[in-house]
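Asks: I am attaching a structure below and will ask some questions about it afterwards.
Where a number appears in this text, it was derived from the coordinates with a stated rule and is not lab data. Computed from a prediction, not measured in an experiment: that's the story for all the values here. A quick note on method: Cβ atoms are made from the backbone with ideal geometry, for glycine too, and the neighbour counts reach across all protein chains shown.
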Amino acid sequence: ELDTRVEVTSGDEIGSLAQAVNDLANDLRRYRDNRSEFFANISHELRTPITYLEGYSKVLKDRLYQTEEEKEQYLEIIHQESKRLTRLIDDLFELSKMEEGKVGLNFEWIDLAEIVENSVQKTSLKAKAKGLEIKADIQRDLPLVWGDGLRMEQIFMNLLDNAIRYTEQGGISVQMRSGDRGQVEVLIEDTGIGIPEEELPYIFERFYRVEKSRSREHGGTGLGLAIVKKLVDLQHGTIEVFSQVRKGTRFVIKFPASPEGKEEQR
Ligand code: ADP
């Protein structure tokens, strides 16, 4: 039973054993609570779009709208919510596979600059549509990185997508250079709404949002950064976040680089 505790009375081996048992029970309890919280979260996240789908399809079915315009509006909501549902399910599936260690990464020596450039290119149209520019400053001839190209792209696409979604004016800057201790460093910086300092420790958690409504409005699932963090970990990298409300957010991602430099590995 997880909720019973062993009374620790002595400071000897028996005492430390009792302490160890208590610690283990604590860990298990936390795991159990996280699990039920996780399922509660999933149900909630799935229910929200479904409620919209049910409601608006009923309005259409019963012809409870006044104008064609109104009808179009409801159809648009149904379309958006269906898309959100698909994204949510895809993300959940992805994350659960990763957590079970079932995602096989295809490791090879890769030119991360090329991948970052591709990601910038792919997202720049979306940025432009919002009147934002993505500026990229990428150092040439960086050492190669040991990773999975597609998974790397997923990381940068996700971070850039967030930067665009949470920025209303200004722009996004991407910098890439060789860092200290033989690392390759990527900075993704935006001039967006920012994240309050007290929320920063939690943003890589599943379903964590700074504000539910703000994420909804921006089309988020609350899983993007959890996936990013997992992918960074799997490829032996680190990710840090710095932010100031209404000023912007900066993500710094680092990966260990090939000690032999770029050319040796070709
Ligand atoms: P979501 O799908 O809600 O965007 P994420 O896991 O990608 O979920 O991000 C978690 C939360 O972190 C978001 O809901 C948002 O509040 C905050 N966030 C992430 N990236 C940024 C950013 N570039 N600027 C401001 N807030 C951000």
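Asks: Just the Cα atoms of segment 153-198: what Rg and Dmax do they give in Å?
Replies: 12.3, 36
Asks: With charges only on Cβ, +1 for K and R and -1 for D and E, what is the dipole size of the chain about its Cα centre, in debye, rounded to 20?
Replies: Using Cβ point charges on Lys, Arg, Asp and Glu, the chain gives about 800 debye.
Asks: Let me ask you something else. Just the number: Rg to Rh for segment 90-190, Cα atoms, Kirkwood Rh, two decimals.
Replies: That ratio is 1.00, to two decimals.
Asks: Can you give the translational diffusion coefficient of segment 115-259 in µm²/s, computed by Stokes-Einstein from the Kirkwood radius over Cα pairs at 25 °C and 0.890 mPa s?
Replies: Value of D from the Cα-based Kirkwood radius: 160 µm²/s.
Asks: For segment 133-180, compute Rg over Rh where Rg is the Cα radius of gyration and Rh is the Kirkwood radius from the inverse mean 1/r over Cα pairs.
Replies: Rounded to two decimals, Rg/Rh equals 1.02.
Asks: Next up: So how far, in whole Å, is the C-alpha centre of segment 24-96 from the one of segment 114-145?
Replies: Cα centres, segment 24-96 to segment 114-145: 32 Å.
Asks: For a footprinting-style exposure proxy, rank Thr249, Thr9, Thr123 by other Cβ within 10 Å, fewest first.
Replies: Going from sparsest to densest Cβ surroundings: Thr9, Thr123, Thr249.
Asks: Further question: What distance in nm separates the simple spin-label points at Thr48 and Arg87, each placed 7 Å from Cα in the Cβ direction?
Replies: Between Thr48 and Arg87, the simple spin-label model gives 1.1 nm.
Asks: Mean residue ellipticity at 222 nm from the helices of the chain, using -39,500 (n - 2.57) per DSSP H segment of n ≥ 4 over the full residue count, to the nearest 500 deg cm²/dmol?
Replies: -17500 deg cm²/dmol
Asks: How are the C-alpha pair distances of the chain spread across 10 Å bins, as whole percents from the shortest bin up?
Replies: 6, 23, 27, 21, 14, 7, 2, 0
Asks: Further question: Please state, as a whole number in µm²/s, the translational diffusion coefficient that the Stokes-Einstein equation yields for segment 168-249 at 25 °C and 0.890 mPa s, with Rh defined as the Kirkwood radius across alpha carbon pairs.
Replies: In µm²/s, the coefficient is 175.
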